[in-house]
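> Pasting in a structure now, in structure tokens, and then I'll have a few things to ask.
The values are calculated or read from the model by the stated rules, or taken from the named source; none is laboratory data. This one's a predicted model, so the numbers in the text were calculated from it and none came from an experiment. A quick note on method: Cβ atoms are made from the backbone with ideal geometry, for glycine too, and the neighbour counts reach across all protein chains shown. Each accessible area value is taken on the protein alone, full model and side chains, heavy atoms only, with ligands, DNA and RNA left out. Shrake-Rupley method; radii C 1.70, N 1.55, O 1.52, S 1.80 Å.
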Amino acid sequence: MKKILSLVVLGIFLNHPAYADLSKQDVEEIRKIIKEEIQHIDKRIEGVDKRIEGVDKRIDDLRQEMNTRIDDLKDLMLTGFGILFAGMFALVGFVIWDRRTALAPAVKRVKELEEREDRLEKAIKEFAWKEPRLAQALRSVGL
């Protein structure tokens, strides 16, 4: 690459009318100067390459740190949702358990009252066989 570039530049200079009467020694000096300039440009390009590699490394480090943070955030969100859903299921379970516990005495009391009503109705019907006015009153209400 260097040789091709130096030949192109040298060719441009040598074909220019101002350089047509140059001696071989002048051409060698120009060639030497061009060679030094090309080396200087190469060094600068290598410096830029090193800086670009440093920037690439920093970008890779930042990307890796960002991925780590995003993974941590995902884990935190999943943990939060897990706790939230566990709490919701626990609350629903508690409500169902509390309803059964709260309704159990009421259901028991209703059954006792139905049994008592059945016994009272049976006693009144038996007494109505002996008392005709009570039998008439029971028939009028549909018992």
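> Hey, which lysines would be in cross-link range of Lys74, C-alpha to C-alpha under 29 Å, not counting anything within fewer than 8 residues on its own chain?
Counting by Cα, and skipping residues close in sequence, Lys74 has these lysines nearby: Lys57.
> Another one. Among the aspartates and glutamates, which fall within straight-line cross-link reach of Lys130, defined as a Cα-Cα distance under 18 Å, with same-chain neighbours fewer than 8 residues apart omitted?
Lys130 reaches Glu121.
> With every protein chain left in place, what is the accessible area of Glu36 in Å² (1.4 Å probe, nearest 10)?
Glu36 has an accessible surface of roughly 110 Å² with all protein chains in place.
> Ok, one more. Largest first and in whole Å, give the semi-axes of the range 27-143's equivalent ellipsoid, each being the square root of 5 times a Cα gyration tensor eigenvalue. If you can, show how the numbers build up before the last one.
Values: eigenvalues 2238, 31, 4 Å².
Rounded to whole Å, the semi-axes are 106, 13, 5.
> I want the local charge near Glu53. Using Cβ-Cβ distances under 12 Å, sum +1 for each Lys or Arg and -1 for each Asp or Glu among the other residues.
On the way: positive: Lys50, Arg51, Lys57, Arg58; negative: Glu46, Asp49, Asp56, Asp60.
That works out to 0.
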